[in-house]
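One structure is given here, and the rest of the page talks about it.
The values are calculated or read from the model by the stated rules, or taken from the named source; none is laboratory data. Keep in mind the model is a prediction, meaning the values are calculated, not measured. Positions of Cβ are generated from backbone atoms using ideal geometry, with glycine treated the same way; all protein chains shown enter the neighbour counts. Just the protein is used for accessible areas: all its heavy atoms, side chains included, with ligands, DNA and RNA removed. Shrake-Rupley method; radii C 1.70, N 1.55, O 1.52, S 1.80 Å.
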Amino acid sequence: MSRIGKLPIKIPTDVHINYTGSEIIVKGKFGILQNMIPHELAIKQEDGTLIVSLKNESKKNRALHGLYRTLINNMVIGVSEQFKIPLNLVGVGYRAVVEGKNLVLNLGYSHQVNMEIPLGILVEVSKNTTLNLKGCNKEELG
C-alpha cells in the first residue's frame, strides 16, 4: 500500500462528506466539491477521519490509492480553509485593479489588459501590485 494512501484524512467539524458508491461530495463553508472515485477504492468515515483503502491489491490500484487520498484531502482543505496564491507584479508602472467581475492590469503595454475573473475565484488587490487569489478548488487556481 502507498505511504500517502494509508494516512487518515482529518475532517473539520464544519465539513460534511457524502460518499455514494463512486461519487464523493464534500460540503463546507466555502463551497461544494465533488469527484468520481474508482470502484477499486473503499472509503470509510469514522470518528472525524476518513480512511481510503484498497479492495484488492494490484499495481494499478496501488497507484490510484495515494492519488485519490490526496485529491480527497485537497477537497476537504479547499472547502474548509480555501487555497491562497499570492502574486506580485514587478515592474515600473505595473498595477492591478478589480472592477466588478473583471481584473484590469496595467503591464507596460499601450493598452490595459482586461481579464474576466472565473466563478469560484476571489481576487483581492492590495498596494496596487499585490494580488491574492483565493478559491476552494486547487485545480482552478493553478
Somewhere in the stretch 37-48, is a residue under 23 Å from E139 (Cα atoms), within 19 Å of the chain's Cα centre (by Cα) and touching a residue at least 40 places away in the same chain (Cβ under 8 Å)?
no
Of the listed residues (R62, R69), the one being under 30 Å from L133 (Cβ atoms) and modelled with pLDDT under 95 is R69
Let me spell it out: the conditions are (1) farther than 24 Å from I121 by Cα; (2) assigned to a loop (DSSP other than H, G, I, E, B), and V90 meets all of them except one. Which number is the exception?
(1)
Within the stretch 127-141, restricting attention to residues that are closer than 20 Å to I32 by Cβ and assigned to a loop (DSSP other than H, G, I, E, B), which residue is least open to solvent (accessible area, probe 1.4 Å)?
C136
Count, please, the residues in the stretch 63-83 that happen to be touching a Leu at 6+ places or on another chain (Cβ under 7 Å) and either closer than 22 Å to K127 by Cβ or surrounded by fewer than 16 Cβ atoms within 10 Å (Cβ to Cβ) (or both).
1
So, in the stretch 5-48, of the ones that are outside any strand (DSSP E or B) and open to solvent by 80 Å² or more (accessible area, probe 1.4 Å), which residue ends up farthest from Q82 (Cα to Cα)?
H39
So which of V104, V90 is β-branched (V, I, T) and open to solvent by less than 30 Å² (accessible area, probe 1.4 Å)?
V104
Would you check which residues across the stretch 110-126 are open to solvent by 80 Å² or more (accessible area, probe 1.4 Å) and modelled with pLDDT of 90 or more and list them?
S110, H111, Q112, N114, M115, E116, L122
Determine whether V52 is within 25 Å of Y19 (Cβ to Cβ), of a type in the set (V, I, T), surrounded by 16 or more Cβ atoms within 10 Å (Cβ to Cβ) and in contact with a helix residue (DSSP H, G or I) (Cβ under 7 Å, 6 or more places away or on another chain).
yes
E57, sole failed condition from (1) over 23 Å from the mean Cα position of the chain (by Cα); (2) surrounded by fewer than 12 Cβ atoms within 10 Å (Cβ to Cβ); (3) in a helix (DSSP H, G or I)
(3)
When (1) modelled with pLDDT of 90 or more; (2) within 28 Å of T13 (Cβ to Cβ) are applied to K138, the one that fails is (1)
